[in-house]
1. Can you spot a residue in the stretch 299-306 that is surrounded by 12 or more Cβ atoms within 10 Å (Cβ to Cβ) and farther than 28 Å from VAL171 by Cα?
2. List the number of the failed condition for TYR197; all other conditions in (1) over 27 Å from LYS231 (Cα atoms); (2) touching a residue at least 40 places away in the same chain (Cβ under 8 Å); (3) in contact with a helix residue (DSSP H, G or I) (Cβ under 6 Å, 6 or more places away or on another chain) hold.
3. Condition first: buried (at least 24 other Cβ atoms within 10 Å of the Cβ) and farther than 12 Å from GLY195 by Cα. Now tell me which residues in the stretch 162-173 satisfy that.
4. How about the stretch 44-61: which of its residues are open to solvent by less than 20 Å² (accessible area, probe 1.4 Å) and free of Cβ contacts under 8 Å to residues at least 60 places away in the same chain?
5. Looking only at residues in the stretch 18-43 that are buried (at least 18 other Cβ atoms within 10 Å of the Cβ) and in a helix (DSSP H, G or I), which one is modelled with the highest pLDDT?
6. For ILE88, are the conditions met, namely being closer than 22 Å to THR300 by Cα, at pLDDT below 90, open to solvent by less than 20 Å² (accessible area, probe 1.4 Å) and of a type outside the set (Phe, Trp, Tyr)?
7. Pick out, from the stretch 213-324, the helices (runs of 4 or more DSSP H) lying fully within it that include 3 or more residues that are touching a Phe, Trp or Tyr at 6+ places or on another chain (Cβ under 7 Å).
8. Looking at (1) open to solvent by less than 40 Å² (accessible area, probe 1.4 Å); (2) out of contact with any Ser or Thr (no Cβ under 9 Å at 6 or more places or on another chain); (3) aliphatic (A, V, I, L, M), find the lone condition where LEU82 falls short.
Amino acid sequence: RGRGVPPRARESMARTMNELTATQRPMAYENPIKAAAGGLPLWKNVTFSAAGGVCGAVAVYPLDMAKTQLQMDRAGRYTGLLDTFTKISKAEGMGALYRGLPANVIGIMPEKTIKLAGNDFFRNYFQVDNPKVYPGGNMLREGASGGLAGACQIVITTPMEICKIRMQMYVPKPGEVVNQVAILQNLCKELGLRGMYTGTAATFMRDVPFSIVYFSLYGVVKRQLVDDKGKISAFGALAASTAAGIVGASGSTPLDVIKTRMQATPPPGVAPYKGWVATLQRIVAEEGAAGLFKGVGPRTIIIAPLFGIALMVKETLVNTFHHE
């Protein structure tokens, strides 16, 4: 074979065959962890995701505090977001708006790492970002990637949320100097490992549908904002995340209200909420369907910038410190 073919012609044919083979090969899917997020190494993916999660959580935390107060307000004490801020700050000082932040910061790093890095991993596994497989993306697989990442994160989200919520609802004694670290330590001892996973099913019921909606919409909007190299600017990431967050957060508010009622310590004289279906029925019976949408404004305002800031920080770190 090859007799009578000039050497230069054979070399040209070999190069052509190599190029064809390379174009048919998947986009570096031999190592799915490293291939995730466009070849981002695992340690960078974890570090950038955690940094983004912390920045987003700290920035919107007062809104989260107000949301919890509104969702637990059965007596109609608060009339809205500004009223909640005003009454809490007057009664306990501005620092009270950050009660529960230590639990949130401790939990948000692994939680957002699992969510963002996990989403990257599953997107890579499903080859969502491979233009040769899905030139225009695949919304169904993007949603599946987000949903699976959301399911994985609940191992961290559930204990983080119950500690955060109970600290947010903590009522200091007159003259008490609130030590948040001490409160968190006592709370963990009181709950125990099993108690810290109270409401796991409710957390799953909230986070998986939200993640499916959020990441599928985020992918659709992001594709419209990337440049010729497939990169997205910090502002573009914030815009795409905000748009997806508004839809995902507002639609999942009833699921969040049910979870909050199940995980929070009820006020004196109020029976605990037990069981997802039973909690749903009880809220509707006692407060009407509108009770399921308590805190929808703050939740929407929280989630959109929370994920927006987290993804903006992550995309900025990727563009700044990762060069392929």
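1. Yes, the stretch 299-306 contains a residue that is surrounded by 12 or more Cβ atoms within 10 Å (Cβ to Cβ) and farther than 28 Å from VAL171 by Cα.
2. (2)
3. LYS164, ILE165, GLN168
4. TYR61, the sole residue that qualifies.
5. Filtering first and then ranking leaves ALA37.
6. no
7. Passing ranges, in order: 234-251, 253-263, 296-321.
8. Only one criterion is unmet by LEU82, namely (1).
The values are calculated or read from the model by the stated rules, or taken from the named source; none is laboratory data. Values in this document were obtained by computation on a predicted structure and should not be read as measured data. Cβ atoms come from the backbone with ideal geometry, glycine included; neighbour counts cover every protein chain shown. Note: accessible area is taken over every heavy atom of the protein model, side chains too, but ligands, DNA and RNA are not part of it. Shrake-Rupley method; radii C 1.70, N 1.55, O 1.52, S 1.80 Å.
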